[in-house]
Structures are given as structure tokens and as C-alpha cells.
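Enquirer: The structure under discussion is supplied below as C-alpha cells; questions concerning it will follow.
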Amino acid sequence: MPYPDDLLSEGEHVVTHKHPHFKMLILPVLVLAGTLGAGVWLALWARGLDAPWDMVTLIAVGAVAVLLVVWLFLVPFVRWRTTHFIVTTDRVIAREGVVKRTGIDIPMARINSVRFEHGLVDRVFGCGTLIIESASEEPLTFDDIPGVEKVHTMIYRQVNDNPYDDFDAGTGRQERHGHA
């Protein structure tokens, strides 16, 4: 789903829009498969019990399975789906949450440096952590960004190849907002 155009400034365009890497869903998917497998096995086992214990066991197994699937699969999936990392021509935007929605916007002009980190597992999955240093006291970290090196390059280019930079390459002089 693209970022809504009505939330962008005039002349601002989305460069990239990403959700966290799917690797954060591997454990929840394994939990889902394990819960369903254990639930089916316990349901088949409960058929051999005497009445009314067979029905009580089925209800208990079903209730526990539903709780586990909601808590350990559905909640992480919704968290993944509602987390957005967007780079536009003017800013970096991060949004997350369903009930409690949080977000941060970092104007490109305020970004001092951008770097990335990724260990072996992140490199295998093609993701990593993006660290943006801006005017704030602490650097902002964004984990599990897919294609982190490409995103790093996109942000770097937006910050440094901006046609409204303070440095005029033609004259070699510093300029402030078009004035020498």
C-alpha cells in the first residue's frame, strides 16, 4: 500500500516505502505451525477420552490454541504490517502501531549522517539496521530495514544531491538560500 499522497507536502514524492523485513515473522510463523500441529494432535488424542472429558479437552485445547495464535502470531503480524519506513524527497518518515500510533519525521536538511549495520544473519536475509544522526541528541535506529544498503544510498543521495544544497558547485562558494 503506497503512502497516502494527501500526507505529503506540495512537491514531495515517495522515494521508497518499506515494512520491516519478513525475518521478524519467522518465529511467529513457526509458532503458528507448531500450535496448529500440537492442536490437531491433541484433538485426535482427546477423541479417545471418555465423555465428557473428550469435549472438555477439545474446548481447552481450542482455547489455548486460539490464545497462542493471537498473542504469538497475529499480534506480531499486525505490528509488522502497520510499521512503515518511508523515504521521500523531503524527509524520512517512520510510523508504527495500531492502537497507539507513533511516528517520527526527520527532514533531509536536518540529517547529519546516515549509516547502516548488518551482521551475518542480516546479510543472509538482505536487511539491516539504519542509523540516522540528525539534530537530535541520540542517533535514531531503524531495525530490520530490507535492502538497507540501498536505502542508505537513497537517503545519502537525497541529503547530498539535493539541488537546494548550501554549496554552489559552479562557483565553489557557500550559498545561503540562493544568495551569495
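The values are calculated or read from the model by the stated rules, or taken from the named source; none is laboratory data. Note that the structure is a prediction, hence the values are computed from the model and not measured. Neighbour counts are summed over all protein chains in view; Cβ atoms, including those assigned to glycine, are modelled from backbone coordinates with ideal geometry. For the accessible areas, the whole protein counts, side chains as well, though only heavy atoms, and no ligand, DNA or RNA atoms are used. Shrake-Rupley method; radii C 1.70, N 1.55, O 1.52, S 1.80 Å.
Enquirer: Calculate what fraction, in whole %, of the accessible area of the chain sits on carbon and sulfur atoms when a 1.4 Å probe is rolled over the protein chains.
Expert: Working: 7500 of 12120 Å².
In the chain, the share of accessible area belonging to carbon and sulfur is 62 percent.
Enquirer: Still on this model: If you fit an axis through the alpha-carbon atoms of helix 53-69 and take the longest principal axis of the Cα set of the chain, what angle between them do you get, 0 to 90°, nearest 10?
Expert: 0
Enquirer: Taking amide H positions as placed in the peptide plane 1.01 Å from N, state which residues far from VAL92 in sequence (5 or more) or on other chains have amide H under 5 Å from it.
Expert: Correct list: ILE106, MET108.
Enquirer: According to the square roots a ≥ b ≥ c of the eigenvalues of the Cα gyration tensor, what is the shape class of the range 72-147, taking rounded for a/c under 1.5, prolate for a/b larger than b/c otherwise, and oblate for the remainder? Intermediate values should be presented prior to the final figure.
Expert: Numbers: a/c = 2.19, a/b = 1.21, b/c = 1.80.
Judged from the Cα gyration tensor, the range 72-147 comes out oblate (a/c at least 1.5, b/c at or above a/b).
Enquirer: Right, something else. Kirkwood Rh, the chain, all Cα pairs: how many Å?
Expert: Numbers: mean 1/r = 0.0505 Å⁻¹.
The Cα-based Kirkwood calculation yields 19.8 Å.
Enquirer: Output the peptides 119-131, 100-112 sorted from most to least packed, where packing is the average of other Cβ atoms within 10 Å over each peptide's residues. Spell out each step's value before the answer.
Expert: Values: 119-131: 15.7, 100-112: 13.2.
Put in order of decreasing packing, that is 119-131, 100-112.
Enquirer: In Å², and per residue, what accessible area does the range 81-132 have when probed at 1.4 Å with the other protein chains present? Display every interim value, and only then the final one.
Expert: Numbers: 2830 Å² over 52 residues.
Result: 54 Å² per residue.
Enquirer: Ignoring everything except DSSP H segments at least 4 long, calculate the 222 nm mean residue ellipticity for the chain; use -39,500 (n - 2.57) per segment, divide by total residues, nearest 500. Each step should come with its number before you reach the end.
Expert: Numbers: 5 runs with 64 residues, N = 180.
Mean residue ellipticity, 222 nm, calculated: -11000 deg cm²/dmol.
Enquirer: Which angle between 0 and 90 degrees, to the nearest 10, do you get for helix 148-160 versus the longest principal axis of the chain when only C-alpha atoms count?
Expert: Here the helix axis deviates by roughly 30 degrees.
Enquirer: Calculate, for ALA60 and LEU27, the FRET efficiency according to 1/(1 + (r/R0)^6) with r their C-beta to C-beta distance and R0 35 Å; round to the nearest 0.05. It would help to have the intermediate numbers written out before the result.
Expert: On the way: r = 25 Å, r/R0 = 0.71.
In this case the efficiency is close to 0.90.
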